[in-house]
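The block underneath contains the structure these notes are about, expressed in C-alpha cells.
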Amino acid sequence: MTAIQFNGKPVRPGKVICVGKNYAAHISEMDSVPAENMVVFMKPATSIGTELHAVLDEPLHYEGEICLLVQHDNIAGIGFGLDLTKRETQSKLKSAGLPWERSKAFTGSALFSEFVQAPEDLSQLGLELRVNDALRQKGDVSLMLYPLAVILEELRQFLTLEDGDIIMTGTPAGVGPVQSGECFDGRVLAGEQVLAQAVWQAH
C-alpha cells in the first residue's frame, strides 16, 4: 500500500473519499446538473499512486482538488490531489446507470502532494493547477457547493472517518486529458501563501 507524507512522516490511508459535483462551473463544463444530495464515491487505498500516466488502457483525464487528511474525526492536514479518470469508461457507465469504480478506483488513480498541518482558518483555502506553466484550474472554498464543514457533517452521517483517511473535495472547471510529456504543478494555497505543492511529469 502506498503511503502519503504528513508533516514529513509516512501515513498509510485506509480509504479515499471523493466528493463529486462540488463546483458549479465544473458541473456546467461536464454538461451535467447539480445533484439533489452531495455526491460521494470511494477510491480504495490501492488507488494511490506516485506516477502520472497519460494512458492506462485508455486516455486519462485530470481533476485537481483540495484534499483533507483526517485525524481524530477532524481535518488535520491539507494537500493537493489529482483525481485521475478514465472518462470514456465513466461516460459509458453513467449512461448505463452503473457504478463508476472502473473509471475512478483503478490503481494509480489518486496522486497527492505532501500533506501539511491544516491552518486554523480554512476559509481562505484555494487551489491552482498549472500545466506547462499555463494555469488550467483555479478555485477556492468559497466556490464549493458543499463547504468543508458541510462535507464532514454529511460524511459522518453514514461513514466512519478513520485516522489517515483522505477526503478529495471536488474539482473546479478546467479538467481535461493528460498529455504525455506535460508538467503538472498543483498547489493548495491559503490566500496567497502556498501550503502544499507537487509536481508531476506525465508519461
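The values are calculated or read from the model by the stated rules, or taken from the named source; none is laboratory data. Since this is a predicted model, take the numbers as computed values, not measurements. No Cβ is skipped: glycine too gets one built from the backbone with ideal geometry, and neighbour counts run over all protein chains shown.
Any residue that is modelled with pLDDT of 95 or more and under 18 Å from the mean Cα position of the chain (by Cα) - is there at least one of those in region 87-100?
Among the residues of region 87-100, not one is modelled with pLDDT of 95 or more and under 18 Å from the mean Cα position of the chain (by Cα), which makes the answer no.
Just need a number here: residues in region 147-160 that are within 17 Å of the chain's Cα centre (by Cα) and within 19 Å of residue 14 (Cβ to Cβ).
Here the count works out to 3.
Evaluate region 118-139: report whether one residue or more is closer than 24 Å to residue 12 by Cβ and in a strand (DSSP E or B). Outline the logic, then answer.
First, pick out the residues of region 118-139 that are closer than 24 Å to residue 12 by Cβ: 118.
Filter once more, keeping what is in a strand (DSSP E or B): none.
Scanning region 118-139, I find no residue that is closer than 24 Å to residue 12 by Cβ and in a strand (DSSP E or B), so the answer is no.
Among the residues of region 123-158, what is the count of those that are surrounded by fewer than 18 Cβ atoms within 10 Å (Cβ to Cβ) and more than 21 Å from residue 39 (Cβ to Cβ)?
Final tally of qualifying residues: 8.
Taking residue 161, is it assigned to a loop (DSSP other than H, G, I, E, B) and either surrounded by 20 or more Cβ atoms within 10 Å (Cβ to Cβ) or not polar (S, T, N, Q) (or both)? Talk me through it step by step, then tell me what you get.
Working: assigned to a loop (DSSP other than H, G, I, E, B): yes; either surrounded by 20 or more Cβ atoms within 10 Å (Cβ to Cβ) or not polar (S, T, N, Q) (or both): yes.
In short, yes.
Please give the number of the condition residue 36 fails out of (1) under 17 Å from the mean Cα position of the chain (by Cα); (2) exposed (fewer than 14 other Cβ atoms within 10 Å of the Cβ); (3) at pLDDT below 95.
Unmet condition: (1).
Please find, within region 41-95, the residue that is nearest to residue 175 (Cα to Cα) out of those that are surrounded by fewer than 16 Cβ atoms within 10 Å (Cβ to Cβ) and among the β-branched types (Val, Ile, Thr).
In this case the residue turns out to be 55.
Quick check on region 81-103. Is at least one of its residues touching a Cys at 6+ places or on another chain (Cβ under 6 Å), touching a residue at least 12 places away in the same chain (Cβ under 8 Å) and within 15 Å of residue 41 (Cβ to Cβ)? Write out each step before concluding.
To start, the set of residues in region 81-103 that are touching a Cys at 6+ places or on another chain (Cβ under 6 Å) comprises 81.
After this cut, where a residue has to be touching a residue at least 12 places away in the same chain (Cβ under 8 Å) as well, the list is 81.
Adding the requirement that they be within 15 Å of residue 41 (Cβ to Cβ) leaves 81.
Yes, the conditions are met somewhere in region 81-103.
Any residue at all in region 47-57 that is modelled with pLDDT of 95 or more, part of a strand (DSSP E or B) and either of a type in the set (Asp, Glu) or under 29 Å from residue 142 (Cβ atoms) (or both)?
Yes, region 47-57 contains at least one residue that is modelled with pLDDT of 95 or more, part of a strand (DSSP E or B) and either of a type in the set (Asp, Glu) or under 29 Å from residue 142 (Cβ atoms) (or both).
Check off (1) farther than 23 Å from residue 37 by Cα; (2) in contact with a Ser or Thr (Cβ under 6 Å, 6 or more places away or on another chain) for residue 114 and give me the number that stays unchecked.
(2)
Taking the residues in region 171-203 that are outside any strand (DSSP E or B), touching a Phe, Trp or Tyr at 6+ places or on another chain (Cβ under 8 Å) and modelled with pLDDT of 95 or more as candidates, determine which candidate is surrounded by the fewest Cβ atoms within 10 Å (Cβ to Cβ).
202
If you scan region 141-175, which residues turn out to be touching a residue at least 40 places away in the same chain (Cβ under 8 Å) and over 20 Å from residue 41 (Cβ atoms)?
141, 143, 163, 174
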